[in-house]
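Participant: Sending over a structure as structure tokens; questions will come in a sec.
The values are calculated or read from the model by the stated rules, or taken from the named source; none is laboratory data. The model shown is predicted, which means the values in this text are computed figures rather than measured ones. All Cβ positions, glycine included, derive from the backbone under ideal geometry; neighbour counts span all protein chains shown. Just the protein is used for accessible areas: all its heavy atoms, side chains included, with ligands, DNA and RNA removed. Shrake-Rupley method; radii C 1.70, N 1.55, O 1.52, S 1.80 Å.
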Amino acid sequence: TKPGTTIKLAEDIQVDRMLDISRSDVTLDLNGHTITATEDFYSTFPNDAHLLQVNGAENVVIKNGSLVSTDLNKHTVNVYQSQNVTLDGLTIDNTHTMGGCPVVVNASSVNVEDDLALVVGEKSWEGINVDPKESTAELTFATGSSVAMSGNDAVPVVKVDGEKNNITISGAEDVGLQTDESGNLVPHTHEYGPDWNSDEDGHWKECTCGEKSEYAALT
């Protein structure tokens, strides 16, 4: 694959080895289709058992479809030492895993655009793992993007590991995430104070995020 190439799927596919993207300036357009693993998926150790890996590349785009791991996979998408990787309009399903995450951002920078649906199972560690290792890690939720996670409410949407001073996460509040006591990101919980807000038309209680509750028109 040459830089500047767009690979567009014409149908659902299954892979029997980890799909490893190590070329910069490549777009993988799933075109509404799904990539998953065969029953004969082969790996030699956990870190070549990911369904898809972006490894040492820049400006890679993966968009418009579904990536579904099986019990033979670790992470569904592993981004390793790569910069400006974009996940755009994807469902990333880690329900079945040997133990891993839908997305790992490892010493890399990843941008989330459009809708990102994460599916986790009993063996999933979290939705997105961010770890700078010996470098830095960045996760950006672009304006207009969204993130939703289903399957296991006991794990955080985003877990931060390693040196937190080397991690940058942007746009989390805009996609409805808040930081918990451990520094991880979980769905925002609305907390409405006891006081009423009002204007000339009505009154309401308001969460710190701006969400309104118990609105009633003035009479």
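Participant: For the chain, set up a GNM with springs between Cα atoms under 10 Å and report which of Pro187, Pro102, Pro46 has the largest fluctuation.
Facilitator: Pro46
Participant: For Asn59 and Glu200, calculate 0.36 nm times their separation in residues minus their Cα-Cα distance, and state this gained length in nm to one decimal.
Facilitator: The span from Asn59 to Glu200 would gain 45.7 nm if fully extended.
Participant: Another question, if that's okay. Of Val155, Val77, which has the most accessible area and how do the rest follow, probe 1.4 Å? Spell out each step's value before the answer.
Facilitator: Numbers: Val155 25, Val77 0 Å².
In descending accessible area the options line up as Val155, Val77.
Participant: 7 Å from Cα along Cα→Cβ at both Ala148 and Ser22: what's the point-to-point distance in nm?
Facilitator: 3.8 nm
Participant: Another question, then. Figure the gain on full extension for Asp180 and Met98 (residue separation times 0.36 nm, minus the Cα-Cα span) and round it to one decimal in nm.
Facilitator: Values: separation 82, 0.36 × 82 = 29.52 nm, distance 2.68 nm.
The span from Asp180 to Met98 would gain 26.8 nm if fully extended.
Participant: Number of Lys pairs in the chain with C-alpha atoms less than 16 angstrom apart, excluding same-chain neighbours closer than eight positions?
Facilitator: Within the chain, the lysine pair count is 5.
Participant: Taking 0.36 nm per intervening residue step and subtracting the Cα-Cα distance, what contour gain separates Thr38 from Ser135 on full extension?
Facilitator: Answer, rounded to one decimal: 31.5 nm.
Participant: Something else now. Could you work out the equivalent-ellipsoid semi-axes for the chain, taking the square root of 5 times each eigenvalue of the Cα gyration tensor, largest first, in whole Å?
Facilitator: Computed over the chain, the values are 36, 18, 17 Å.
Participant: Under 10 °C and 1.306 mPa s, how fast does region 43-152 diffuse according to Stokes-Einstein, given a Kirkwood radius computed over C-alpha pairs? Answer in µm²/s, whole number. Don't jump to the answer; show the numbers that get you there.
Facilitator: On the way: Rh = 13.5 Å.
Rounded, D is 117 µm²/s.
Participant: A further question on this structure: With a bin width of 10 angstrom, please list the P(r) values of region 1-43 as percents of all Cα-Cα pairs, from the 0 bin to the one holding the largest distance.
Facilitator: That works out to 27, 46, 26, 1, in percent per bin.
Participant: A further question on this structure: Where the only charges are on Cβ atoms (+1 Lys, Arg; -1 Asp, Glu), what is the dipole of the chain about its Cα centre, to the nearest 20 debye?
Facilitator: 800 debye
Participant: Report relative contact order for the chain in percent, whole number only (criteria: Cα-Cα under 8 Å, sequence separation at least 6).
Facilitator: 11 percent
Participant: On the protein heavy atoms, probe 1.4 angstrom, tell me the percent of accessible surface of region 92-192 carried by carbon and sulfur.
Facilitator: 42 percent
Participant: Give the residue from Val157, Val110, Ser213 lying farthest towards the positive end of the charge dipole for the chain; charges sit on Cβ (+1 for Lys and Arg, -1 for Asp and Glu) and the dipole is referred to the Cα centre.
Facilitator: Value: Val110.
Participant: For Thr168 and Ala217, what does the FRET efficiency come to when R0 = 41 Å and r is the distance between their Cβ atoms, rounded to the nearest 0.05? Display every interim value, and only then the final one.
Facilitator: Numbers: r = 43 Å, r/R0 = 1.06.
FRET efficiency, Thr168 to Ala217: 0.40.
Participant: Separate question: With the Cα gyration tensor of region 104-172 giving a ≥ b ≥ c as the square roots of its eigenvalues, does the rule (a/c under 1.5 for rounded; else a/b larger than b/c for prolate; else oblate) give rounded, prolate or oblate?
Facilitator: oblate
Participant: Using only the heavy atoms of the protein chains and a 1.4 Å probe, how would Lys212, Lys159 rank by accessible area, largest first?
Facilitator: Heavy-atom accessible area, descending, gives Lys212, Lys159.
Participant: Turning to a different aspect of this structure: With the Cα gyration tensor of region 107-219 in hand, convert its eigenvalues to equivalent ellipsoid semi-axes via √(5λ) and list them largest first in whole Å.
Facilitator: Listed largest to smallest, the semi-axes of region 107-219 are 33, 15, 14 Å.
Participant: So what does Glu11 come to for accessible area, using a 1.4 Å probe and Å² rounded to 10?
Facilitator: Its accessible surface works out to 120 Å², give or take rounding.
Participant: In addition: Report D for region 96-136 in µm² per second (integer): Stokes-Einstein, Kirkwood Rh on Cα pairs, 20 °C, 1.002 mPa s. Before the final figure, lay out the partial values.
Facilitator: On the way: Rh = 11.3 Å.
Using the Kirkwood radius from Cα pairs, D works out to 189 µm²/s.
Participant: Then there is this: For region 45-103, what is the Kirkwood hydrodynamic radius in Å, using each pair of distinct C-alpha atoms?
Facilitator: Details: mean 1/r = 0.0872 Å⁻¹.
Hydrodynamic radius (Kirkwood, Cα only) of region 45-103 equals 11.5 Å.
Participant: Of the beta bridges DSSP finds with both residues in the chain, what % are antiparallel, to the nearest 5?
Facilitator: Just about 15 percent of them are antiparallel.
Participant: Among DSSP beta bridges whose residues both lie in region 1-71, state the antiparallel percentage, nearest 5.
Facilitator: 0 percent
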